[in-house]
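> Shown below is the structure under consideration.
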Amino acid sequence: MREARPWEKFLPPVPPPAFADPWDHAAGPALSVLNPARRIDVPTWAEQGGRKISTAAGMQAWRNDFAPYMTEPSRMATSRRYRAVAFAGPARTVKSESLILNTIGHRIACNPRDMLVVCSTQDTAKQFSERKLAPMIRENSKLAEKQLAGRGADNIHEKRFAGNMNLQIRWPVIGYFSQNEYFDVLLTDLDRMTDDVGGEGAPFLLALKRIQHSGSQGIVIAESSPGFVVTVDDWQPTTLHEAPPCAGGILPIFNTGTRGGWYWTCPHCGDPFRPLFGTLHYERKSTPGESARTVEMVCPNGCCIAPDRKNELNRGGFWLHETADGQSAVPIDDPDVRDTDVVSYWMEGPAAALQTWPELVRVNEQARQTFEETGSDKDLKTTVFQDQGRAYLPQIRSVGDALSAETLKALAEAYPMKVAPAQTRFLTYQVDVQPNRFVVQVDAWGPGLERWLIDRFDIHEPPSGAPGAGERSIDPPRYYEDWSALSVLLDKAYPVAGSGFALLPRAIVVDLHGAKGTTDHAYHWWRHQRKAGNSGRCYIQRGRGGTERDRAVYKAPEKVQGTKKRRRSDLMLIETGTDPLKDEVIMSLTRKEAGPGKYHLPETLAASAFEEFCAEVRTDEGWRERKSGLRNESLDLAVYGKALAIVLKAETITWSRPPMWAAPLEKNTYAVKLGAAVSSEAGDQPTPPPAPVVAKPKPAVAPRRRVRRSSWMS
């Protein structure tokens, strides 16, 4: 110790500091981790702990009776019996508010501990943090007080709270499912996540490993609307609540669990039943809105229930879970409940709090009409997943292996080839390139894109003036001069039955794939037609496989033929999603009724053409050859025709005010007046007038750019 300085002896003595009270510090935020967890479940905390939710009328206090079906699942978030909670249901059920946000709030307020929330993507994780989590904390003063201040305590993807709680908001990357341990892992919108995280496995299984250290205190919560299609076409349930087999997502997890189903009590007969989409009954009227106004629910005993009773039935609803044999259903606390460590729930759209039965029917009918008119079931799949909360069986799979040449022949009709039906508004020609021929298929299109195959022929002879003409067959990959045989198709007209008019093609589309040399020649042919002013009528196309491809996109190619680097191209081509369009073509061929979207085939079509439509089979990965070597030109050409119609924007035509190229024949810019009317029984192609004059349509491409002219292109 230092010696006292002389003047210090004159200073008054300094008293020692008072002893600190350890309880003051233990009760403060620094040691709040020592506080015992409050014994209160999640739905009780949400209703009593100041939880607020955003509504159309503003912020409102949370009420469990708003979505009563979420009370039991969220209560399981504090269960020591189960290590996982899984909830499958449609959008608009308040499932993420109840199971994810309320659980987070409960942990902050009652039982602080490390937690991982996994969203489907990095962007959705950011939106969840900013638009859902932050407002919940901000509107609840008790939660806001527990959020720590300081660096790193309130980031978008990481937040810290009193009690040593670290909340991570992440997305499916293997690094977030590795190393760190958590008491809670919450998976929101599971079916929109990748089903294989970094090659290590499904998010749900990886989440279970992250809570393994915490024993019965840890829990995984997964919620989602279904997002995977059914994998077995003829599947039938073997138990009361069994979900169909899917390749991944929430429904396989549901099947491993207790398989809880939401039940209502019929207000008329008193029997319990599940409010499924199939229990909604309505009359199919002329418009989806009119159909929706007729909807009612019918219980298994035939009792009719009006839409205005939904809230009443929900408030009296209850969950029943399967027993071990799957043939009975009991409450969750019954000793006979299915023995598993996952408690699982599944309900469908009619019970969802934030959507009405008329809305369900209207959206479903709109999607059904779109499918019937275009052959695309994209909207139908979306409403089944998101609105109805069900797994989806692709419509094309309902055709399955039953599609055969004999089936198509049985559906074929007695109309003459080489004559367009009276309803025709425009024609398209599709061309496939083979080493020794051009294969041409002609389609007539009517209102609603109902179409008829009216001609199919091969071009074998090289045009006059081509090298070796008269001494060889046509050879498109080798001789560019042979491509002039396609140019004359622009002046080939077909009579329209009973009208006195013939129609020239609105457009021709040519496939650019084939033997070496085909693609290069297809590019040069398109450039030549563009210079001749025919870019709005002549198209080239390239097929792309994959079930998630866009159906048809008119674009510049990414790389010009013969170069290694990407650069700006003067070319434009149709990039065709062959798998989704093959789905549409097959569904339109197998539709029995005439009308929008139907594809008609003539009885007199060659037998080989019927077989070509059936040369491929639909798998989960897309369309594949039934066996090697089968010709499929008919199917491919039908796909090119639909892609061309999409690029021409024919799907968006208002048929009461169509463009001039799809107008009635008296005003149609591609109609040619004949000397006499052609009857519907006529079977021969009349000779069209030489060099008919038609109004040129507005070009479908950007203004012409100047390019260097090659002498051989003249």
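The values are calculated or read from the model by the stated rules, or taken from the named source; none is laboratory data. Keep in mind that what you see is a predicted model, and the values were worked out from it rather than measured. A quick note on method: Cβ atoms are made from the backbone with ideal geometry, for glycine too, and the neighbour counts reach across all protein chains shown.
> If you go through region 559-582 one residue at a time, do you hit one that is in a strand (DSSP E or B), modelled with pLDDT of 90 or more and in contact with a helix residue (DSSP H, G or I) (Cβ under 6 Å, 6 or more places away or on another chain)?
Within region 559-582, one or more residues are in a strand (DSSP E or B), modelled with pLDDT of 90 or more and in contact with a helix residue (DSSP H, G or I) (Cβ under 6 Å, 6 or more places away or on another chain).
Per-residue answers, yes or no, for (1) crowded, with 18+ Cβ neighbours inside 10 Å; (2) more than 20 Å from ALA645 (Cα to Cα):
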site: SER404; (1), (2): no, yes
site: ALA410; (1), (2): no, yes
site: PHE438; (1), (2): yes, yes
site: VAL442; (1), (2): yes, no
site: TRP452; (1), (2): yes, no
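> Here's something else I'd like to know. Could you look through region 98-155, keep only residues that are in contact with a strand residue (DSSP E or B) (Cβ under 9 Å, 6 or more places away or on another chain) and of a type in the set (Asp, Glu), and pick out the one that is farthest from ASP184 (Cα to Cα)?
GLU139
> Follow-up question, since we're still on this one. State which residue is nearest to ARG437 (Cα to Cα) when the search covers only region 627-650 and only residues that are part of a loop (DSSP other than H, G, I, E, B) and out of contact with any helix residue (DSSP H, G or I) (no Cβ under 9 Å at 6 or more places or on another chain).
Once the filter is applied, the top-ranked residue is GLY629.
> Another one. Identify the residue in region 324-352 that is within 23 Å of GLY249 (Cβ to Cβ) and small (Gly, Ala, Ser) and, among all such residues, is farthest from the chain's Cα centre (by Cα).
GLY326
> Against the definition (in a strand (DSSP E or B) and surrounded by 15 or more Cβ atoms within 10 Å (Cβ to Cβ)), how does SER291 come out, yes or no?
The answer is no for SER291.
> Give me the pairs, please: first residue somewhere in region 90-105 and in a helix (DSSP H, G or I), second residue anywhere and of a type in the set (Asp, Glu) and surrounded by fewer than 24 Cβ atoms within 10 Å (Cβ to Cβ), beta-carbon distance under 6 Å, and either six or more positions apart or on two chains.
none
> Considering only residues that are among the polar types (S, T, N, Q) and either buried (at least 19 other Cβ atoms within 10 Å of the Cβ) or more than 23 Å from the chain's Cα centre (by Cα) (or both), which ones fall in region 227-266?
Residues satisfying the conditions are GLN236, THR238, THR239, ASN255, THR256, THR258, THR265.
> Which condition number in (1) part of a helix (DSSP H, G or I); (2) at pLDDT below 90 is the one that SER376 fails?
(1)
> Do you know which of the residues in region 515-546 that are surrounded by fewer than 17 Cβ atoms within 10 Å (Cβ to Cβ) and assigned to a loop (DSSP other than H, G, I, E, B) is farthest from the chain's Cα centre (by Cα)?
Among them, the one singled out is ALA532.
> When you go through ARG80, ARG92 one by one, which is the residue that is out of contact with any strand residue (DSSP E or B) (no Cβ under 8 Å at 6 or more places or on another chain), over 28 Å from LYS209 (Cα atoms) and modelled with pLDDT under 95? If you could, list the steps in order and put the result at the bottom.
Working: ARG80 fails: over 28 Å from LYS209 (Cα atoms).
None of the others qualify; the one that does is ARG92.
> Here's something else I'd like to know. Output the residues belonging to region 36-62 that are assigned to a loop (DSSP other than H, G, I, E, B) and either among the aromatic types (Phe, Trp, Tyr) or within 33 Å of the chain's Cα centre (by Cα) (or both).
ALA56, ALA57, TRP62
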